[in-house]
Amino acid sequence: MAERVEGFNFEQRHGKERVRVARVWKTKEGKHYVVEWRVGISLLSDCVNSYLRDDNSDIVATDTMKNTVYAKAKECSEILSVENFAIELAKHFISFYRQVTTAIVNIVEKPWERIIADGQPHMHGFKLGSERHTVEAIVKKSGALQLTSGVEGLSVLKTTKLSMLYRNLYFDFDIIFPSGFEGFIRDKYTALPETRERMLATEVTGLWRYSYESLSSVPQKPLYFVERYDDVKRVLLETFFGPPNVGVYSPSVQNTLYQMARATLNRFPDIDSVQLKMPNIHFLPVNISNTGGQIVKFNDDVYLPTDEPHGSIQATLSRFWSKM
């Protein structure tokens with residue numbers, strides 16, 4: 001919130017970024033659970049005098065914020081979701097310090113996954129996955145809450161889709177490719193050909209805002225948000241790929257993005273809005289022509305992967321009552 005200072009509008013906040021912490025929980029049976037989080041904290045507080053005068057008496061030191069992350073991780077004796085840890089951290093800052101009016105906690109969780117050895121989940125062995133789980137919790141002194149979860153680095157690709165119609169000596173089927181791009185604006189600078197035959201690959205960054213508006217409204221079920229994260233990711237992937245035997249055609253990245261966001265809102269009533277960013281990762285068909293004019297045709301089975309430059313497609317889908 002802006003303040004009036006010496007005839008100017010003045011806004012300030014301070015915090016600590018990239019605090020890395022890992023937490024291991026061990027059961028009596030010897031099974032271990034591990035998380036690794038990168039935490040960012042930003043406090044909105046009444047500490048204007050530290051900017052205007054030689055007075056730091058209202059400042060929460062950023063080193064204290066760092067140490068608080070480790071202390072609170074230690075206090076979490078039971079396994080909890082990254083969402084719940086973010087909320088607990090934010091609650092501490094707005095309740096422990098009278099000067100702090102709002103606490104914003106951002107966390108990125110590394111995807112450590114339990115390995116399977118000899119067909120069994122390993123008791124204490126993990127491997128690093130790919131996509132990352134993100135969270136932002138904004139908590140105010142009043143107890144008001146704004147909670148957003150997300151996924152980043154979710155790389156997906158689909159090649160071809162088959163359906164029935166093409167005639168050959170034995171049976172009929174029709175080859176329909178997974179993605180196309182037709183009917184777009186063409187002018188003197190347009191070189192891209194229209195096609196119904198292209199590979200579709202992207203790296204999804206998604207954010208979804210929950211409808212919980214106060215600390216008291218947050219579900220008390222243990223690991224609720226872990227399950228919800230897995231469920232949202234599953235819906236996004238199922239919508240992108242379609243049924244496993246036949247897939248689904250994509251007329252554009254834009255249309256696929258919308259269908260993914262729409263499916264998420266339809267499936268989860270406690271999510272108010274979904275924001276997706278899906279840049280193109282291009283797979284360009286390779287063809288080689290030598291100096292004699294001969295062309296080696298690869299029949300769309302060898303590609304040059306490239307993500308620079310790439311298209312940038314993003315959109316937000318919200319319910320009518322969402323404050324997004």
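Considering (1) out of contact with any strand residue (DSSP E or B) (no Cβ under 7 Å at 6 or more places or on another chain); (2) within 16 Å of Val39 (Cβ to Cβ); (3) assigned to a helix (DSSP H, G or I), say which one Glu83 fails and leave the rest.
So Glu83 meets the others, but not (1).
Hey, any hits in the stretch 260-268 for a residue that's in contact with a Gly (Cβ under 8 Å, 6 or more places away or on another chain), of a type outside the set (Asp, Glu) and surrounded by fewer than 21 Cβ atoms within 10 Å (Cβ to Cβ)?
No, the stretch 260-268 contains no residue that is in contact with a Gly (Cβ under 8 Å, 6 or more places away or on another chain), of a type outside the set (Asp, Glu) and surrounded by fewer than 21 Cβ atoms within 10 Å (Cβ to Cβ).
Scan (1) basic (Lys, Arg); (2) in contact (Cβ under 8 Å) with a residue 12 or more places away in the chain; (3) out of contact with any Asp or Glu (no Cβ under 7 Å at 6 or more places or on another chain) for the single condition Arg234 breaks and write down its number.
(2)
Could you give me the residue pairs with C-beta distances under 7 Å whose first residue belongs to the stretch 61-76 and is under 14 Å from Arg20 (Cα atoms), whose second residue is open to solvent by 60 Å² or more (accessible area, probe 1.4 Å) wherever it lies, and which are 6+ apart or on separate chains?
Lys72/Glu88
Consider only pairs whose beta carbons are under 7 Å apart and that are at least six residues apart or on different chains; among these, list those whose first residue lies in the stretch 205-217 and is acidic (Asp, Glu) and whose second residue is crowded, with 18+ Cβ neighbours inside 10 Å.
Glu213/Leu145
Please enumerate the residues belonging to the stretch 240-259 that are out of contact with any Asp or Glu (no Cβ under 8 Å at 6 or more places or on another chain) and open to solvent by 40 Å² or more (accessible area, probe 1.4 Å).
Listed by number, the residues that qualify are Phe241, Pro243, Pro244, Asn245, Val246, Val248, Tyr249, Gln254, Asn255, Tyr258, Gln259.
Looking at the stretch 300-314, can you tell me whether even one residue there is out of contact with any strand residue (DSSP E or B) (no Cβ under 7 Å at 6 or more places or on another chain), polar (S, T, N, Q), at pLDDT 85 or above and under 27 Å from Gln259 (Cβ atoms)?
Yes, the conditions are met somewhere in the stretch 300-314.
Quick check on the stretch 14-31: of everything there that is out of contact with any Asp or Glu (no Cβ under 6 Å at 6 or more places or on another chain) and either surrounded by 14 or more Cβ atoms within 10 Å (Cβ to Cβ) or among the hydrophobic types (A, V, I, L, M, F, W, C) (or both), which residue is farthest from His124 (Cα to Cα)?
In this case the residue turns out to be His14.
Is it the case that some residue within the stretch 95-113 is part of a strand (DSSP E or B) and closer than 24 Å to Lys28 by Cβ?
yes
Do any strands (runs of 3 or more DSSP E) lying entirely in the stretch 139-189 carry at least 1 residues that are open to solvent by 70 Å² or more (accessible area, probe 1.4 Å) and at pLDDT 65 or above, and which ones are they?
145-158
In the stretch 32-70, how many residues are over 30 Å from Trp112 (Cα atoms), in a helix (DSSP H, G or I) and open to solvent by 40 Å² or more (accessible area, probe 1.4 Å)?
Counting residues in the stretch 32-70 that are over 30 Å from Trp112 (Cα atoms), in a helix (DSSP H, G or I) and open to solvent by 40 Å² or more (accessible area, probe 1.4 Å) gives 3.
Regarding His92, is this residue over 18 Å from the mean Cα position of the chain (by Cα) and assigned to a strand (DSSP E or B)?
No, not satisfied.
Can you tell me how many residues within the stretch 55-69 are out of contact with any strand residue (DSSP E or B) (no Cβ under 6 Å at 6 or more places or on another chain) and closer than 17 Å to Ala86 by Cα?
3
Of all residues in the stretch 114-138, how many are closer than 23 Å to Ala73 by Cβ, free of Cβ contacts under 8 Å to residues at least 40 places away in the same chain and not in a strand (DSSP E or B)?
Qualifying residue count for the region: 1.
What tally of residues in the stretch 86-111 results from selecting those that are more than 16 Å from Arg18 (Cβ to Cβ), polar (S, T, N, Q) and touching a strand residue (DSSP E or B) at 6+ places or on another chain (Cβ under 7 Å)?
3
Which members of the stretch 1-13 meet the condition of being in a strand (DSSP E or B) and either of a type outside the set (A, V, I, L, M) or open to solvent by 30 Å² or more (accessible area, probe 1.4 Å) (or both)?
Glu3, Arg4, Phe8, Asn9, Phe10
The values are calculated or read from the model by the stated rules, or taken from the named source; none is laboratory data. Model, not experiment: these values are computed from the prediction. Cβ atoms come from the backbone with ideal geometry, glycine included; neighbour counts cover every protein chain shown. Each accessible area value is taken on the protein alone, full model and side chains, heavy atoms only, with ligands, DNA and RNA left out. Shrake-Rupley method; radii C 1.70, N 1.55, O 1.52, S 1.80 Å.
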